[in-house]
Amino acid sequence: MRLLLNSFDDPHENLAFEEQYFKSFDQDTLRLWINPKSVVCGKHQIALKECNIYYCDQRSIPVIRRLSGGGTVFHDPGNINFSFFKKLNAGNEIDYTKNLKVITSALNQLGFKVSISPRHDLFLNEFKVSGNAQHVSKGKALHHGTLLYDAKIKEMSPAIKRRSGTFTDKSVPSVRSKVMNLRDAKDVGNSSEFLRILAGALSKSMEIDSSRYHVDKALLDKYRKDEWNFGYGPKYVFKNELSDAEFSLTVDRGGLITGINSNSESIRNDLSRLIGMMHTPSEVLKELRKYRILTVDLEKYLF
């Protein structure tokens, strides 16, 4: 198996590279990489449902949809990501346990007593240190996961926790667990040093590839667009309350707002301008600011 050590400074580029490499790899590969601060949601999720977009926007934390399914995760430089790119057997089945044993064996060698849960997550005692997701297509599989080594857990929680509002939908929900950093169990230095020694343990049975790769511009553009990050998910109805008023937005697949309802005539009239627009901060807030009807409270409760 090839051991690929490469990371990009742009989180969109890291996610786009996963898709690009998946389409073209010719040898089973394990990639180790670090992503800048970002919220990464599963392919079949509603991005706005899985994060506090107001919190993320205020702190310039991008929300990005990945190629694989599964739940939402928070990336930062204290989190090490691993990605298995493998050709499948005749039954097109992913052997999660076989893949994860490669990771747990290396971690055990380094003194981290992690184990594989029935859901194919990695735990240190009762605390989750790694979540996993997958994508299968044309006899190939991408199986990737996280390793919390020195992540900013206090920043993770508010970024992926909604503050208000409800969604009625058929999306895949995230499953939250108690988490901890591996560094709290054993300190082997900063995240870069942890990555170095983890790669060293894995390289004993793998061929290291340190090649420089470039991501196709058209693919990178896809991962930077709201149409992919917010619009790809299923249709939904978003409901919230502002003071004594209730309102709802009906959003079709593709992220377009197709209906507005409220028991407040003024809010209903104000929000009716949004019909036909995407339910994203970039479009909604721009439109409401244009008519000078946006308040701080309304901005916080629209997503």
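The values are calculated or read from the model by the stated rules, or taken from the named source; none is laboratory data. In this text the structure is predicted, and so the values were computed from the model without any measurement. Cβ coordinates were reconstructed from backbone atoms using ideal geometry, including for glycine residues, and neighbour counts include every protein chain displayed.
Among Ser266, Ser248, which is of a type in the set (Ser, Thr, Tyr) and either assigned to a helix (DSSP H, G or I) or assigned by TED's automatic domain parsing to the domain that holds Ser164 (or both)?
Working: Ser248 fails: either assigned to a helix (DSSP H, G or I) or assigned by TED's automatic domain parsing to the domain that holds Ser164 (or both).
When all the criteria are applied, what remains is Ser266.
Which of the residues spanning region 136-161 are more than 15 Å from the chain's Cα centre (by Cα), closer than 25 Å to Gly78 by Cα and either part of a loop (DSSP other than H, G, I, E, B) or outside the structural domain of Ile53 (by TED's automatic domain parsing) (or both)?
Across region 136-161, the qualifying residues are Tyr149, Asp150, Lys152.
Whether any residue in region 119-129 is part of a loop (DSSP other than H, G, I, E, B), free of Cβ contacts under 8 Å to residues at least 40 places away in the same chain, crowded, with 18+ Cβ neighbours inside 10 Å and outside the structural domain of Gly254 (by TED's automatic domain parsing) is what I want to check.
yes
Out of the residues in region 204-239 that are among the aromatic types (Phe, Trp, Tyr) and either in contact with a helix residue (DSSP H, G or I) (Cβ under 6 Å, 6 or more places away or on another chain) or assigned to a helix (DSSP H, G or I) (or both), which is farthest from Lys43 (Cα to Cα)? Working first, answer last.
Start the filter on region 204-239 by keeping residues that are among the aromatic types (Phe, Trp, Tyr), which leaves 213, 223, 228, 230, 232, 236, 238.
Those still in the list that are either in contact with a helix residue (DSSP H, G or I) (Cβ under 6 Å, 6 or more places away or on another chain) or assigned to a helix (DSSP H, G or I) (or both) too: 223, 228, 230.
Working: Tyr223: 12, Trp228: 9, Phe230: 10 Å.
Only one residue tops the list, namely Tyr223.
With more than 21 Å from Phe17 (Cα to Cα), free of Cβ contacts under 8 Å to residues at least 40 places away in the same chain and part of a helix (DSSP H, G or I) as the only criterion, which of Gly189, Gly259, Gly200, Gly254 stands out? Show your work before the answer.
Values: Gly189 fails: part of a helix (DSSP H, G or I); Gly259 fails: part of a helix (DSSP H, G or I); Gly254 fails: part of a helix (DSSP H, G or I).
Within the list Gly189, Gly259, Gly200, Gly254, the selection yields Gly200.
In the list Lys239, Lys235, Lys286, which residue meets the criterion of being surrounded by fewer than 18 Cβ atoms within 10 Å (Cβ to Cβ), among the basic types (Lys, Arg) and under 30 Å from Lys23 (Cβ atoms)?
Details: Lys239 fails: under 30 Å from Lys23 (Cβ atoms); Lys286 fails: under 30 Å from Lys23 (Cβ atoms).
Testing whether each residue is surrounded by fewer than 18 Cβ atoms within 10 Å (Cβ to Cβ), among the basic types (Lys, Arg) and under 30 Å from Lys23 (Cβ atoms) leaves just Lys235.
Is there a residue being at pLDDT below 95, within 21 Å of the chain's Cα centre (by Cα), assigned by TED's automatic domain parsing to the domain that holds Arg176 and at positive phi anywhere in region 63-77?
yes
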